[in-house]
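*Asks:* This is the structure I want to talk about, given as structure tokens.
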Amino acid sequence: MKVTKDTVPEGFSIQMALVDLLPVLFYGIVNILLGYILRDPLFITGGAICTISGTIKVIWKMIVAVKQRNVWPMFLQMRIFMPLGFVMIIISIILNRGAFAEFFGNIMNYPLCLGLLIAWVIGMIAMTVCAIKLDNADVKSNWIEQSINAVAQLMLLICVIVIMTTGAMKADEAVEIQEPRQEETTSIVDDSKADDDSKADDAEPETIVNPVEEYNAWTTDRVNFRKLPSADAEVISKINAREEVTVTGETDGWLQVRYNNEIGFVSRDYISTEEPTAAYGQAQPLVVDRSKTTGRIVCIDAGHQRYGSSATEPNGPGSGTMKARVTGGTTGRTTGVPEYQLTLDIALKLQAELEARGYTVVMTRTTHDVDISNMERATVANNAGADITIRIHANGSENTGISGALTMAPSESNPYCAYIANESQYLSRCVIDQYCAATGMANQGVSITDTMTGINWCQMPVTIIEMGYMTNPSDDVNMQDPNYQNNMVIGIANGIDAFFSS
Ligand SMILES: [Zn+2]
């Protein structure tokens, strides 16, 4: 007999309704356990919908059994909510397959659990076949269907409980995230305050991470980015202060974060959810004796140009060493801005700043579409009778973690321009110190080099400033920030002031 609006299913008893209650009960517990472990809202919601829907079905059967009268909508809801709940559960399993695989991953070590799980799958298939083939309102069909369901859900429940209690999932029921194998590391100096939870006697250290809904956070200091949540773990790279990271998980004392498309761990102590507002204060010009600076001639060379020139030229007067006339420079790894653009942007701003301070400025270039070799740039400065030359560049490195600024000067034994070495080194020191003071850029000091064509041809104190690493996300982004650029310019100008006024 079909259950319809007008008919009352025959033979529905309270006992039968109670048999229906069993699978709902078992499955409800499974859902609570798995939901607690996996902590996925979609899974929990889907499971709750299935459980509630099943419970309403049981209530429906009880009412039918007691009143011997059909209650139509209470049965119909099964056809909407039960499939909806299952769809949500399946989507959740697909989305969280890593966590599910982790949970059931050790099942091969537990033949009992494996058997139970297979039995559950067979039970579900059998029940579905029954539901399709047999008359749902037929008493006998219902007994068969719900008995299979009850046994199957009980097996699933036992399976889950066994896995949980036998240590397949240990420690706080947290989900273990796929971790890179911990490698042997030696003498890493640790700068973190976080507790070290790793146990030395564990042959294979476990990383228990509670996944969280992803959110953005910022480093409050320069921190180690580690493979595992342990002060002994290998350092993937350093993350600069004020860098944005995406928090993906939590564990004792550590946060699992994504940075540069890599997953790793940083100490909680150095992460804040507050976005840094004023990344840097407004740098101030030095107060100097302007009578010592006014009218000084400064040549500014904006490094590189749109197209490099690989033809060669001597790297110093009378030198047999030939170097490319001028190269294309590096490119902002994060911003995509080419070095020749950054250097000219800063050079033009520096020109305005220096002129405002009373200097006379000579520019080697004011557009990108030029072809001026490094030797020719030095010659521009020489011919202009410049008092000093400031060559504007930005750095690049294979290691994107490297950041900071440096200046370059010739040595006292430079074969071409030793006579400008001391003053160039002093100029370099003034510029890098003032630049880093104004910007907060890490100070990598003065680098002594005799291989730079643009230095070797100079006849006056000269410095090359590598303003920051375009390969470093933080430096690169900062150097494109207009406020930061103002500080860069004020810092370089302060260095020039310091050089002339001392
Ligand atoms: Zn350069």
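*Asks:* Given Thr407, Thr451, which one is modelled with pLDDT of 95 or more and out of contact with any Asp or Glu (no Cβ under 6 Å at 6 or more places or on another chain)?
*Replies:* Thr407
*Asks:* Only one residue in Gly316, Gly295 is more than 23 Å from Gln480 (Cβ to Cβ), assigned by TED's automatic domain parsing to the domain that holds Pro461, surrounded by fewer than 15 Cβ atoms within 10 Å (Cβ to Cβ) and not basic (Lys, Arg). Which one?
*Replies:* Every option except Gly295 fails the conditions.
*Asks:* For Gly491, are the conditions met, namely being in contact (Cβ under 8 Å) with a residue 60 or more places away in the chain and closer than 27 Å to Glu243 by Cβ?
*Replies:* Yes.
*Asks:* Oh, and also: Of everything in region 460-479 that's in a strand (DSSP E or B) and within 13 Å of the ligand (Cβ to nearest atom), which residue is farthest from Phe500 (Cα to Cα)?
*Replies:* Taking region 460-479 and keeping what is in a strand (DSSP E or B), we get 462-469.
Now narrow it down to the ones that are within 13 Å of the ligand (Cβ to nearest atom): 464-469.
Details: Ile464: 17, Ile465: 17, Glu466: 21, Met467: 21, Gly468: 24, Tyr469: 28 Å.
Within region 460-479, the match that is farthest from Phe500 (Cα to Cα) is Tyr469.
*Asks:* Still on this structure, please answer the following. Can you tell me which residue is modelled with the lowest pLDDT among those in region 221-236 that are surrounded by 17 or more Cβ atoms within 10 Å (Cβ to Cβ) and under 23 Å from Glu275 (Cα atoms)?
*Replies:* That would be Arg222.
*Asks:* Here is a list: Ser403, Ser428. Which entry is buried (at least 18 other Cβ atoms within 10 Å of the Cβ), under 18 Å from Phe499 (Cα atoms) and more than 15 Å from the ligand (Cβ to nearest atom)?
*Replies:* Result of the check over Ser403, Ser428: Ser428.
*Asks:* Something else about it: Considering every residue within region 407-421, establish whether at least one is within 15 Å of the ligand (Cβ to nearest atom) and closer than 21 Å to Asp301 by Cβ.
*Replies:* Yes, region 407-421 contains at least one residue that is within 15 Å of the ligand (Cβ to nearest atom) and closer than 21 Å to Asp301 by Cβ.
*Asks:* Can you tell me which residue among Gln351, Gln305, Gln341 is at pLDDT 90 or above, over 25 Å from Asn494 (Cβ atoms) and not assigned by TED's automatic domain parsing to the domain that holds Tyr215?
*Replies:* The conditions single out Gln305.
*Asks:* Could you tell me whether region 260-270 includes any residue that is surrounded by fewer than 16 Cβ atoms within 10 Å (Cβ to Cβ), out of contact with any helix residue (DSSP H, G or I) (no Cβ under 9 Å at 6 or more places or on another chain) and in a loop (DSSP other than H, G, I, E, B)? If you could, list the steps in order and put the result at the bottom.
*Replies:* Our first condition is that a residue be surrounded by fewer than 16 Cβ atoms within 10 Å (Cβ to Cβ); within region 260-270, this holds for 261-262, 269.
With out of contact with any helix residue (DSSP H, G or I) (no Cβ under 9 Å at 6 or more places or on another chain) added as a condition, the list becomes 261-262, 269.
In the following step, the residues that additionally are in a loop (DSSP other than H, G, I, E, B) were identified as 261.
So far as region 260-270 goes, yes, one or more of its residues are surrounded by fewer than 16 Cβ atoms within 10 Å (Cβ to Cβ), out of contact with any helix residue (DSSP H, G or I) (no Cβ under 9 Å at 6 or more places or on another chain) and in a loop (DSSP other than H, G, I, E, B).
*Asks:* Any residue that is surrounded by 23 or more Cβ atoms within 10 Å (Cβ to Cβ) and touching a Ser or Thr at 6+ places or on another chain (Cβ under 6 Å) - is there at least one of those in region 443-456?
*Replies:* no
*Asks:* Let me ask something additional. Being in contact (Cβ under 8 Å) with a residue 60 or more places away in the chain, within 14 Å of the ligand (Cβ to nearest atom) and assigned to a helix (DSSP H, G or I) is the requirement here; does Arg377 meet it?
*Replies:* yes
*Asks:* Tell me whether region 380-387 contains one or more residues that are on the phi > 0 side of the Ramachandran plot and outside any helix (DSSP H, G or I). Reasoning before the result, please.
*Replies:* Applying the first criterion (on the phi > 0 side of the Ramachandran plot) to region 380-387 yields 385.
Narrowing the set further to residues that are outside any helix (DSSP H, G or I) leaves 385.
Looking for residues that are on the phi > 0 side of the Ramachandran plot and outside any helix (DSSP H, G or I), one finds at least one in region 380-387, hence yes.
*Asks:* Sticking with this structure for a sec: Check off (1) assigned to a helix (DSSP H, G or I); (2) within 16 Å of the ligand (Cβ to nearest atom); (3) over 34 Å from the mean Cα position of the chain (by Cα); (4) not aliphatic (A, V, I, L, M) for Arg365 and give me the number that stays unchecked.
*Replies:* (1)
*Asks:* Within region 380-397, take every residue that is away from the ligand (no atom under 16 Å from the Cβ) and surrounded by fewer than 19 Cβ atoms within 10 Å (Cβ to Cβ) and give me the one that is nearest to the chain's Cα centre (by Cα).
*Replies:* Residue satisfying both the conditions and the ranking: Val380.
*Asks:* Please go through region 323-348 and pick out each residue that is within 14 Å of the ligand (Cβ to nearest atom), polar (S, T, N, Q), over 15 Å from Val370 (Cα atoms) and part of a loop (DSSP other than H, G, I, E, B).
*Replies:* Result: Thr330, single match.
*Asks:* When the residues of region 288-322 are narrowed to those that are hydroxyl-bearing (Ser, Thr, Tyr) and more than 24 Å from Asp369 (Cα to Cα), which ends up farthest from the ligand (Cβ to nearest atom)?
*Replies:* Looking at residues that are hydroxyl-bearing (Ser, Thr, Tyr) and more than 24 Å from Asp369 (Cα to Cα), I get Ser291.
*Asks:* Further question: State whether the residues of region 438-459 include one that is touching a residue at least 60 places away in the same chain (Cβ under 8 Å) and in a strand (DSSP E or B).
*Replies:* Taking every residue of region 438-459 in turn, none turns out to be touching a residue at least 60 places away in the same chain (Cβ under 8 Å) and in a strand (DSSP E or B).
The values are calculated or read from the model by the stated rules, or taken from the named source; none is laboratory data. Please read these numbers as outputs of a predicted model, since none were measured by experiment. Positions of Cβ are backbone-derived with ideal geometry, glycine not excepted, and every protein chain shown enters the neighbour counts.
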